[in-house]
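J.: Starting off with a structure, shown below.
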Amino acid sequence: MDPSSGKIFLGELNHTPLGDLRLAVSDLGLVAIEWADSQPELIAYLLHRLKATVEENQKRIHPYAKELGEYLKGKRREFTFAIDWYTLRPFQRKTLKLVCEIPYGETRTYADIAEQIGRPRAYRAVGRANAANPMPLVIPCHRLIGRDGKLHGYGGGEGLPTKEWLLKMEGAVIA
């Protein structure tokens with residue numbers, strides 16, 4: 001099946017500690033998470049980049065929203081639902097799969113991920129792949145820090161304060 005030509009189901013997860021979220025799933029799994037105030041960008045991504053038809057369907061979103069809500073309340077450390085990796089380009093897929101393996105409460109550097117993919121000088125490309133992560137929170141790009149041990153870049157929510165909040169919630173040690 002060509003996942004990019006299928007139907008995407010859209011729903012909400014509201015009143016989280018980080019604000020209201022929008023979730024998109026395909027028949028293969030989670031496709032995207034976005035903050036509610038960025039819903040126009042989410043819709044554009046789904047329609048233009050994925051070339052999918054979009055249907056509001058809170059019932060299809062419910063299992064994803066339930067686990068994400070539990071995570072944001074500090075009651076869940078791992079997700080059991082599927083991720084639709086087919087919506088990502090090859091380099092980004094490879095990069096984000098490695099980011100997905102960073103354990104709860106731990107951090108890695110962009111350079112660490114570049115090393116793992118066998119391209120040690122590609123840490124900026126790793127950063128760009130994460131900047132375009134369509135599934136923040138679930139693919140934990142907030143667990144990536146700079147080589148200097150400091151927080152660098154986060155596009156979701158309030159930016160770096162959101163990244164810091166997530167890491168503190170997970171009990172990660174940050175500089």
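Every number here is computed from the coordinates shown, using simple stated rules; none is lab data. Since we're looking at a predicted model, the values are computed, not measured. All Cβ positions, even for glycine, are placed from backbone atoms using ideal geometry, and neighbour counts span all protein chains on display.
J.: Check the straight Cα-Cα distances from K66 and name the lysines below 23 Å, setting aside those fewer than 8 residues away within the same chain.
T.: K7, K75, K97, K163, K168
J.: Taking region 35-85, which trypsin sites (Lys or Arg not before Pro) meet the DSSP loop condition and have no more than 16 other C-beta atoms within 10 Å?
T.: On the way: sites: R49, K51, K59, R60, K66, K73, K75, R76, R77; in loops: K51, K73, K75, R76, R77.
Sites meeting the loop and neighbour criteria: K51, K73, K75, R76, R77.
J.: Pull out a ≥ b ≥ c, the square roots of the eigenvalues of the alpha-carbon gyration tensor of region 3-72, then state rounded if a/c is under 1.5, prolate if not and a/b is larger than b/c, and oblate in the remaining case.
T.: oblate
J.: Hey, any idea what the orientation-averaged projected area of the convex hull of region 64-104's Cα atoms comes to, in nm²?
T.: Working: hull surface 12.7 nm².
Result: 3.2 nm².
J.: Which net charge results for the neighbourhood of R147, defined as the other residues with beta-carbon distances under 15 angstrom from its beta-carbon, given Lys and Arg at +1 and Asp and Glu at -1?
T.: Within the 15 Å Cβ shell, the charges total +2.
J.: Once you keep just the Cα pairs under 8 angstrom separated by 6 or more residues, what percentage relative contact order results for region 3-72?
T.: Relative contact order, region 3-72: 40 percent.
J.: When DSSP assigns beta bridges and you keep just the ones with both residues in the chain, what percent turn out antiparallel, to the nearest 5?
T.: 65
J.: From the list [x] 9.3; [y] 11.4; [z] 12.2, can you say which value of mean projected area of the Cα convex hull in nm² was derived from the structure given?
T.: [x]
J.: Return V54, V173 ranked ascending by Cβ neighbour count within 10 Å, so the fewest neighbours appear first.
T.: Going from least to most buried by this count: V173, V54.
J.: Something else now. So if I take the centroid of the Cα atoms in region 108-175 and the same for region 26-77, what is the distance between those two points in Å?
T.: 20
J.: Using only the alpha-carbon atoms of region 88-170, report the extent along each of the three principal axes, biggest first, to the nearest angstrom.
T.: 31, 27, 20
J.: While we're here: Between the DSSP loop rule and a limit of at most 12 other Cβ atoms within 10 Å, which trypsin sites (Lys or Arg not before Pro) in region 88-171 are left?
T.: Working: sites: R93, K94, K97, R108, R121, R124, R128, R143, R147, K150, K163, K168; in loops: R121, R147, K150.
Sparse-neighbourhood loop trypsin sites (Lys or Arg not before Pro): R121, R147, K150.
J.: Please tell me the relative contact order of the chain in percent, rounded to the nearest whole number, where contacts are Cα pairs under 8 Å and at least six residues apart.
T.: Reported as a whole number, the value is 20 percent.
J.: Cut-off 10 angstrom, C-alpha nodes, Gaussian network model of the chain. Which of G118, G157, G11 fluctuates the most?
T.: Maximum fluctuation in the GNM of the chain, among the listed residues, is at G118.
J.: Counting only residues 5 or more places away or on other chains, whose amide H sits under 5 Å from the amide H of H152 once H atoms are built in the peptide plane?
T.: G146
J.: Continuing with this model, one more query. With a cut-off of 8 Å between alpha carbons and a minimum separation of six or more residues, what is the relative contact order of region 88-170 in percent?
T.: Values: 98 pairs, mean separation 24.8, N = 83.
Reported relative contact order: 30 percent.
J.: Further question: Under the rule of -39500 (n - 2.57) per DSSP H run of 4 or more residues, summed and divided by the residues of the chain, what mean residue ellipticity at 222 nm is obtained, to the nearest 500 deg cm²/dmol?
T.: -10000 deg cm²/dmol
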